[in-house]
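Encoded as structure tokens, the structure appears first; notes follow it.
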Ligand SMILES: *Cc1c(COP(=O)(O)O)cnc(C)c1O
């Protein structure tokens with residue numbers, strides 16, 4: 001399987017190169033040349049364990065990794081999870097809650113980043129050389145990425161977070177990792193600033209090549225790929241349990257990485273009737289799916305900080321499919337967006353952007369009320385991100401298709417919001433253990449050159 005750029009200016013490359021490249025040299029995002037149709041395989045796949053299924057899905061895309069090696073990579077990645085099913089579904093009220101937080105940092109990003117860390121190590125062992133990862137995080141990506149590569153000898157990791165804008169616990173999960181190959185940078189700015197610094201640095205192709213920079217942000221194809229697996233896994237469970245023909249997924253969305261994986265699973269043949277896109281007050285994506293216009297607004301801080309994003313880095317991949325896989329159309333849309341801070345696409349006959357998607361937003365009050373409601377009525381505590389998804393899902397329930405709500409973080413990661421909602425906190429031993437540990441972090445200006453200088457000085 002070869003990979004191309006959404007912007008059309010890159011010769012096709014193999015899977016391992018795609019993983020190492022992150023963002024394409026032409027500024028686009030990588031996608032497989034074609035998506036396999038897996039309709040015929042679904043029956044057999046529905047009987048597999050999580051690691052077995054992950055192997056079957058990923059092997060279709062990672063054709064340049066021998067099967068035995070890939071199986072080992074997958075097994076190692078999911079052995080780090082504390083639940084035998086890796087991604088169990090729990091019935092809560094009328095929904096199936098898909099718990100994606102059983103990895104080392106208690107957020108869904110571990111599902112992809114445990115795998116990506118092992119994959120980087122594998123590729124570097126084969127090829128030689130080193131990798132310097134530069135990433136930007138609004139909270140969960142950073143700690144999951146750090147835990148994915150800590151202590152790996154051929155890798156350094158530099159993670160920028162917006163100073164004071166991630167939860168104190170999220171920050172601790174990053175800064176408490178003291179391995180020599182881990183560098184935390186607190187940037188004086190927002191998450192979008194961090195993301196811009198990252199994109200600009202990667203855009204300097206000479207610098208990127210000279211210093212072997214790699215990416216762990218959700219632009220990395222391997223992350224999207226690893227995330228498609230739990231859509232299959234959870235859909236099989238829900239279909240078997242209910243006897244329904246299709247399922248719906250509700251996805252609390254920030255950078256559009258998670259829901260993009262669901263979109264690709266659907267395009268590959270998984271019977272998903274609706275993808276419910278849920279945002280907090282940072283609602284550029286829910287506005288887009290309701291109006292056809294993707295227009296920037298200012299970022300506001302919320303109690304679901306991992307969704308406090310305006311420009312969604314993975315949206316370009318979706319737009320590429322919307323543009324009929326025509327790179328020149330996509331480039332025109334992106335250029336227009338760069339110029340005007342907004343782009344519009346035509347609505348279809350039913351007045352929608354896409355019949356597969358519905359979208360809504362849950363603000364802070366709705367998030368809090370939803371956490372309280374499910375705690376009081378079902379005895380289940382939703383984290384604030386998951387609560388946004390559940391709140392929006394309530395508006396789109398279907399009699400014909402079970403609704404699976406992605407639970408993207410463990411509630412103990414966001415204690416203060418939980419205390420505010422239900423009057424008491426929840427605990428998790430992994431987080432309790434962080435109370436008095438030593439931390440390490442460097443403050444840095446909101447400036448590309450300052451970050452580049454830091455990199456050069458520490459590589
Ligand atoms: C990253 C994250 C999200 C958003 O996922 P995207 O792939 O950026 O859309 C939602 N919830 C939690 C807890 C996250 O960490």
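What follows draws every value from the coordinates through simple rules; no lab data is involved. Keep in mind that what you see is a predicted model, and the values were worked out from it rather than measured. Here the Cβ is made from the backbone with ideal geometry for all residues, glycine too, and neighbour counts use every protein chain on show.
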Enclosed volume per residue, in Å³, of the convex hull spanned by Cα atoms of region 326-449: 232 Å³
Three-way shape label, region 16-81, alpha-carbon gyration tensor, a/c 1.5: oblate
Inter-centroid distance (Cα atoms) of region 129-165 relative to region 307-349, Å: 28 Å
Mean separation of Cα contacts under 8 Å (6+ apart) over length of region 21-90, as relative contact order %: 25 percent
Quarter of Cα convex hull surface for the chain, i.e. mean projection, nm²: 20.0 nm²
Which of 45, 221 has the fewest Cβ neighbours within 10 Å, and the rest in rising order: 45, 221
Average Cα contact separation per residue, the chain, under 8 Å, 6 or more apart, as relative contact order %: 19 percent
Counting DSSP beta bridges with both ends in the chain, the antiparallel % (nearest 5): 25 percent
Neighbour-count order for 294, 320, fewest beta carbons within 10 angstrom listed first: 294, 320
Relative contact order %, region 90-177, counting alpha carbon pairs below 8 Å whose residues are six or more apart: 28 percent
C-alpha center-to-center spacing [region 218-250, region 399-459] in angstrom: 24 Å
Cα gyration tensor category, rounded, prolate or oblate, for region 44-91 with a/c compared to 1.5: oblate
Coordinate range along principal axes, alpha carbons of region 390-459, Å, largest first: 59, 31, 21
Calculated diffusion of region 38-170, Stokes-Einstein form, Kirkwood radius summed over Cα pairs, 10 °C and 1.306 mPa s, µm²/s: 97 µm²/s
